[in-house]
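All of the numbers you see were taken from the coordinates with simple rules; none came from a lab. Because the structure is a prediction, the values reported are computed rather than measured. Virtual Cβ from ideal backbone geometry, glycine too; neighbours counted across all protein chains shown.
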Amino acid sequence: MKAIIGIRELTKDYDTDAGPVRVLTGLDLTIGAGEFVAVMGPSGSGKSTLMNILGCLDTPTSGTYKLLGQDVSGISEDALALARSRDLGFVFQGYNLLPRLTLKANVALPLVYQGFGRSARIQRATAMLEQLGLGELLNSKPPKISGGQQQRVAVARALVTQPQVILADEPTGNLDSRTGKELMALLQDINRERHITIVVVTHDLAVARCAQRLIYLRDGEIDYDGPLDGWREPAT
């Protein structure tokens, strides 16, 4: 299986008034093409920090991070931005849609950074929204649709650039349980049919069960990496 994500001896420190605090401690991790991976762990375990590094939103203090074979550990901000726009799609808990833009304009926005002309952007955004069952809402604006529909728009926006990887940070956090299940079923379909690698950070065991593999962090280290049925929830 081709490695899409590879990190080796990766650490992350943050400076505080009391001195540096280590949040990630020497992580080694490989994620292959087409995998669906859930990342869990208690508060402060380093989940969000790891997601930010995988998303090229932050850089490690030491170690290496290879995305599609390219070491992005210490590249420039411009190069990181290019990797984000070309290879990665993002789905956030808060949707992060622009309320004054139509749905098709929201979905088309990432294509601006890839140099697509307006006509091509709108055409691709329209096609993606139609594929996700939102074709009748192209000209609606985010405040006028439900939370579940907004998250589907966020998924469409993540997919429109044809990324190799989708990173989803607590994607069901603002959804009711039924809508959350529908969203996770959509992500499973995308993973299965489009062979896109998906990494989901979640605190919800029901969400993690939708993945093929669980990575459990504790105190900045990988406490477990394997199938969910081999993991036992730590006693509290």
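A Förster radius of 35 Å, combined with the Cβ-Cβ distance separating Thr16 from Thr64, puts the computed FRET efficiency at roughly 0.90.
Averaging 1/r over every pair of different alpha carbons in region 8-160 and inverting the result gives a Kirkwood radius of 17.4 Å.
The base-10 log of I(q)/I(0) for region 170-236, evaluated at q = 0.21, 0.23 Å⁻¹, reads -0.96, -1.09 [Debye formula, identical scatterers on Cα atoms, solvent excluded].
Which FRET efficiency, nearest 0.05, do Glu221 and Ile145 yield, Cβ-Cβ r, R0 25 Å? After rounding, the FRET efficiency stands at 0.05. Bridge orientation summary for region 128-236: considering DSSP beta bridges with both residues in this region, about 50 percent are antiparallel.
The gain in end-to-end length when the Glu233 to Arg178 segment is fully stretched comes to 17.4 nm, 0.36 nm per residue minus the alpha carbon separation.
Rounded to two decimals, what is Rg over Rh for region 123-163 when you use alpha-carbon atoms and the Kirkwood radius?
On the way: Rg = 9.5 Å, Rh = 10.2 Å.
Rg/Rh for region 123-163 comes to 0.93.
Let me know the number of lysine pairs in the chain closer than 16 Å at the Cα, not counting same-chain pairs under 8 apart. Before the final figure, lay out the partial values.
Working: Lys2/Lys66; Lys12/Lys47; Lys12/Lys66; Lys104/Lys141; Lys104/Lys144.
Close lysine pairs found across the chain: 5.
For the Cα atoms of the chain, what angle does the longest principal axis make with the long axis of helix 147-159, in degrees from 0 to 90, nearest 10? Helix 147-159 sits at roughly 80 degrees to that axis.
Local charge for Val165 was computed over the other residues whose Cβ lies under 15 Å away, with Lys and Arg +1 and Asp and Glu -1, and equals +4.
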